[in-house]
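Notes follow the structure.
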Amino acid sequence: MSLIDYFDDGALVFVSDYAAVAERLKNVSDHLATTSADLIEQGLMSPRYASFLQNNEALFAFIEKNAALILNSFDAKYRGKLAEMFNFKTRATSNFSGNFEALSEDVRMYSLGGSSVVILCKSDAEASSLAELLSDADINAVFYPKYHDIDDVPSGHVAVTALDADGFELVGEKFVCISLGEGSEKRRSRYRRRTADKRSAKEKLLSYADLTVGDYVVHDTHGIGIYMGIESVLSYDGTRSDHIKIQYAGTGILYVPCERIETVSKYIGGGTEGGKAPKLSKLGGGEWERTKSRVKSEVKSMAKELIALYAERMRKPGFSFAPDDEMQREFESMFEYEETEGQLIASSEIKADMEKPVPMDRLLCGDVGFGKTEVALRAAFKAVANNKQVAILVPTTILAMQHYQTILSRMRAFPVKTEMLSRFCSPSKQQSILRALARGDVDIIVGTHRILSEDIKFGDLGLLIVDEEQRFGVAHKEKLKQMSRNVDVLTLTATPIPRTLNMAMSDMRDMSVLDEAPFDRLPVQTYVLEHDDAVIYEAVRRELRRGGQVFYLHNNTTSIYSRAAKLKEKFPEAEIAVAHGKMDKDALSDVWQALVDGDIDILVCTTIIETGVDVPNANTLIIE
């Protein structure tokens, strides 16, 4: 007998993603067949137990014999005969996060399009109130108490009730379910976030290194390999124990007992630039020992240099900034959003470091959109209020432009002089900025590698802010060392390089971590679909309707203009531009500036669009 023999005839079988199930069954069946054959050959298992092992064909026969419902995200070949096939086009609905204007606009659009709409709220009171608000907005909405049966909702009508479930839209059926509740998974995520807050910054960062199958790992003795998961291995005495399986160069496989897990660590070194994977070590060779010896020598040299640098920084007195005054508090109160607890803690830690008589060297680590820039601007404003200059170093021109625009907007109510240096500035403009910088007439300078040039002179530099440090090369970092010997340094990053991370972990650098998204920040919604112009045009239409901007990633310069022309034909009222790496520098500069200024509705571009760019009004990215 096998497991499927316990089911009576007439069982209903659900199969989700048939192709993946078939592939998984084949792999498991082959593996078990090989394993059982080996055990029988070694005399460790009686042949009569092999009858309990059914191959994948038995399960397919069971599916054929009974009623089966097969659910696939995409069309997949089914080996049996299908009685009927139904195609449903579905997509997730938006997360409105209490934004009634956006909700009512979408509900009205669905209603006018003839869709039946069901809105799910957290409670009867909320559902009843929302139904009244929608009715006041001339939307035909009806409240249904919790657990009340909802009859068929007529086309163009809206039913509002209390239920905890996810939202979805059946495109072809013109049925929309909008969920305003949190859902069980979101509640669990929020609980995990609350409990995680008790961890230290180091623990939070170390937790990012959890292993998954396919990750590169390093064994103390054997070197770099690929983590293949945990397998149960039969030992010589007939017992089984869990081992970590590591794939090495060639056919080399290493099984490490789980009780020796301390000998294995996740690979976090360099060597992945340009998409290249690190070189795998060979089992039994001497290459890894030679590599370790060479690295030890280089580490000793680097350690001496770092120790000398940090000893000099600690020995030299730094500028002790004054405590926060009324102007600092006024500047911070003008922030239009609610700060997260992490932002407040990080800002407090940074300002406390700045008030000490030794130069600050702090790492601020947080994901994109978690508020690193606001924390950095509060530190910059504190420096300017103490008559010190601030240099903000960024890796790309568009990121420099973005920071420049943010600073102008954020500090417009205060007498702060800000300038930007990049390759987009004309030579005459650059010379004018350099003279003002040397005189001390510029309070904050934002720039790319240009501000590391030899002709840059500061009147009185007090704070250096480095954004995305991992994107600067060795030569740039050597220049940074010279600049930052007696000034406060704040480094912002979402992905710290191994050396920076190690220095933070070993207390050579202080570290603050932002691990909480700002309140009411909408989650990123990602759809992986077969190419469908109707879906693409609908996404663009929604974004344009709300007055937003669209990035359309089309990574082929030969056809990019024809794609832009098709979009223009579909959306004649939209301002559409093209950006790619073969364009003239000045033309590209004009496109970036127009994009940041909001003069472009749709940007059709190649991968010239740079990581870390945040155009405030761009909410939709389409990757073709």
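The values are calculated or read from the model by the stated rules, or taken from the named source; none is laboratory data. Predicted model only: the values in this text are computed from it and were never measured. Neighbour counts are summed over all protein chains in view; Cβ atoms, including those assigned to glycine, are modelled from backbone coordinates with ideal geometry. These accessible areas exclude ligands, DNA and RNA; they are computed on the full protein's heavy atoms, side chains included. Shrake-Rupley method; radii C 1.70, N 1.55, O 1.52, S 1.80 Å.
For ASP361, nonlocal amide neighbours, meaning residues 5 or more places apart or on other chains whose placed amide H falls under 5 Å from its own, are VAL489, ASP510. Applying the Karplus relation 6.51 cos²θ - 1.76 cosθ + 1.60 with θ = phi - 60° to segment 100-110 yields 3J(HN,Hα) values of 5, 4, 5, 5, 5, 5, 5, 5, 4, 5, 4 Hz, where x marks Gly and Pro. With the whole protein complex present, SER432 retains an accessible surface near 60 Å², based on a 1.4 Å probe. For HIS148, the solvent-accessible surface computed with a 1.4 Å probe is close to 100 Å², ligands and nucleic acids excluded. Amide H contacts for LEU421 (H built 1.01 Å from N in the peptide plane; partners 5 or more residues away or on another chain; cut-off under 5 Å): VAL446, GLY447, THR448. Full extension of the chain segment joining ALA413 with ASP590 gains 60.9 nm, where the gain is 0.36 nm per residue of separation less the Cα-Cα distance. The modelled label-to-label distance for the pair ALA92/GLU231, using points 7 Å beyond Cα in the direction of Cβ, is 3.5 nm.
Distance between the 7 Å Cα→Cβ label points at ALA137 and ASP5: 6.1 nm.
Taking amide H atoms as placed 1.01 Å from N in the peptide plane, the amide H of PHE321 lies under 5 Å from those of GLU355, LYS356, each 5 or more residues away in sequence or on another chain. Ordering THR221, THR418, THR291, THR251 by accessible surface, largest first, gives THR251, THR221, THR291, THR418; the 1.4 Å probe counts only protein heavy atoms, with every chain in place. Please report the net charge: other residues with Cβ closer than 10 Å to the Cβ of ALA438, K and R +1, D and E -1. With Lys, Arg at +1 and Asp, Glu at -1, the net is +1.
How would you order 29-35, 81-87, 529-535 from highest to lowest mean count of nearby Cβ atoms within 10 Å? Walk me through the intermediate numbers first.
Working: 29-35: 13.0, 81-87: 6.3, 529-535: 10.0.
Top to bottom by mean Cβ count within 10 Å: 29-35, 529-535, 81-87.
With every protein chain in place and a 1.4 angstrom probe, the accessible-area ranking of GLU41, GLU101, GLU231, GLU538, largest first, reads GLU41, GLU101, GLU231, GLU538.
Given a cut-off of 28 Å, name the pairs among LYS372/LYS582; LYS296/LYS372; LYS300/LYS388; LYS304/LYS356 whose C-alpha atoms lie farther apart than that in the structure shown. Distance filter (> 28 Å) returns LYS372/LYS582; LYS296/LYS372; LYS300/LYS388.
Report the net charge of residues surrounding MET109, where surrounding means a beta-carbon distance below 15 angstrom and charges are Lys +1, Arg +1, Asp -1, Glu -1.
Working: positive: ARG91, ARG108, LYS174, ARG541, ARG542, ARG545, ARG546; negative: GLU101, GLU105, ASP106, ASP138, GLU169, GLU538, GLU543.
Cβ neighbours under 15 Å give a net charge of 0.
Near ILE576, once Lys and Arg are set to +1 and Asp and Glu to -1 for all other residues with Cβ below 9 Å from its Cβ, the sum equals -1. Here the 3J(HN,Hα) profile of segment 410-420, calculated from phi with Karplus coefficients 6.51, -1.76 and 1.60 at θ = phi - 60°, is 6, 10, 5, 8, 10, x, 10, 8, 10, 9, 10 Hz, Gly and Pro shown as x. Shown in residue order for segment 535-548 are the 3J(HN,Hα) couplings computed by the Karplus curve 6.51 cos²θ - 1.76 cosθ + 1.60 at θ = phi - 60°: 5, 4, 5, 5, 5, 5, 4, 5, 5, 5, 5, 8, x, x Hz (x for Gly and Pro).
Subtracting the Cα-Cα distance of LEU82 and SER562 from their residue separation scaled by 0.36 nm leaves 168.7 nm. Our compactness index for segment 349-466, the C-alpha radius of gyration over the empirical 2.2 N^0.38 Å, is 1.02.
So how much slack lies between LYS122 and ARG294, counting 0.36 nm per residue of separation and subtracting their Cα-Cα distance, in nm? Each step should come with its number before you reach the end.
Numbers: separation 172, 0.36 × 172 = 61.92 nm, distance 6.15 nm.
Full-extension gain reported as 55.8 nm.
Here the spin labels are modelled as points 7 Å beyond Cα on the Cα-Cβ line, and at THR212 and THR239 they lie 3.5 nm apart. Label zone of ARG546 (point 7 Å out along Cα→Cβ, amide N under 19 Å): in segment 392-413 this covers no residue at all.
To the nearest 0.05, what FRET efficiency results for LYS279 and LEU25 with a Förster distance of 45 Å applied to their C-beta separation? Before the final figure, lay out each step's value.
Details: r = 35 Å, r/R0 = 0.79.
For R0 = 45 Å, the calculated efficiency reads 0.80.
In the complete set of protein chains, residue-level accessible area for ILE392 is approximately 10 Å², probe 1.4 angstrom.
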